[in-house]
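Worksheet for the structure shown next.
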Amino acid sequence: MDKPKNMLIGEMLVEEGIISKEQLKDGLEEQKRTGEKIGQILIRMGYISKEILWTFLGYQMGVPYINLDEV
């Protein structure tokens, strides 16, 4: 993942092929309707897992995601 860290989560997920542009569009429409955070919406819609969201949020913040169940 060599994307700028200031890139939006949705954009990062599309760039990495995790979700499609159409799925992001669906999520953003739901976000406008509910005001909920896009990551939570994408999880609820079944497009991504919590682990994927945490991984991308960690990258965006410069902190690696570590699954403690695997340690």
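Can you tell me which condition Thr55 does not meet? The list is (1) at pLDDT 95 or above; (2) under 11 Å from the mean Cα position of the chain (by Cα), and all the others hold.
So Thr55 meets the others, but not (1).
Conditions tested, residue by residue: (1) free of Cβ contacts under 8 Å to residues at least 40 places away in the same chain; (2) not charged (D, E, K, R).
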| position | (1), (2) |
| --- | --- |
| Ile9 | no, yes |
| Ile18 | yes, yes |
| Gln31 | yes, yes |
| Glu36 | yes, no |
| Arg44 | yes, no |
| Lys50 | yes, no |
| Leu53 | no, yes |
| Phe56 | no, yes |
| Gly62 | no, yes |
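The values are calculated or read from the model by the stated rules, or taken from the named source; none is laboratory data. All values derive from a computational prediction rather than experimental measurement. All Cβ positions, glycine included, derive from the backbone under ideal geometry; neighbour counts span all protein chains shown.
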